[in-house]
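The values are calculated or read from the model by the stated rules, or taken from the named source; none is laboratory data. This structure is a prediction, so every number in the text was calculated from the model and none was measured. When we count neighbours, we look across all protein chains shown, and the Cβ atoms used for this are built from the backbone with ideal geometry, even at glycine. Heads up: the accessible areas ignore ligands, DNA and RNA and are worked out on the full protein's heavy atoms, side chains in. Shrake-Rupley method; radii C 1.70, N 1.55, O 1.52, S 1.80 Å.
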Amino acid sequence: MKKRLRKKHHQGEYAEWGHQLLITRNRKEGFDEFLDAFFEEAIEANECQCGGAGMEDKLDVVVELGRLVDDPPGRLRKITAWLDGRPDVQEYKTGPLFDLWYGPWEEIEMKIEFPEN
C-alpha cells in the first residue's frame with residue numbers, strides 16, 4: 001500500500017494505539033475535580049487524548065497514546081505513575097494495547113473484592 005493510503009487509512013506507521021483504562025476511586029465526592037486533574041495532568045500533559053464515561057468513584061476510558069514513534073508504553077507509564085501518586089485512586093486496571101482504528105477490542109472489567117463481614 002502506498003504511503004499516502006497508509007496515512008489516510010491509519011495503517012502501518014500511521015496506526016494509532018491505545019489502552020482501555022478502568023479507575024476506581026476510594027471516594028464518591030470530588031469526581032469533577034479528579035476528572036479535571038486527570039485530563040490536565042495525566043492525559044493532556046502527555047500529549048494523549050481519551051474518551052469514556054464515569055461517575056462518582058468509577059471511570060472507564062480509552063486512552064489514545066499515539067503512533068509507535070510516540071512511545072505509547074512510555075506515555076502509559078507516565079499516566080499510571082500519576083494514578084499511583086493519587087491518594088483518592090483505590091485501584092486501576094489497563095487493558096492490552098490495541099489499534100484504535102481496527103482493533104481487536106477486548107473489554108476488561110474491574111473485579112472488586114469486598115471484605116467479608
I need the full set of residues from the range 12-24 which are within 20 Å of residue 48 (Cβ to Cβ) and of a type outside the set (Asp, Glu), in order please.
14, 15, 17, 18, 19, 20, 21, 22, 23
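Output the strands (runs of 3 or more DSSP E) that fall wholly within the range 31-117 and possess 1 or more residues being open to solvent by 100 Å² or more (accessible area, probe 1.4 Å) and of a type outside the set (A, V, I, L, M), or say none. Break it down into steps so the answer makes sense when it comes.
Values: elements: 49-55, 58-66, 89-94.
Answer list for the range 31-117: 49-55, 89-94.
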If you go through the range 19-72, how many residues are more than 18 Å from residue 98 (Cα to Cα) and among the polar types (S, T, N, Q)?
3
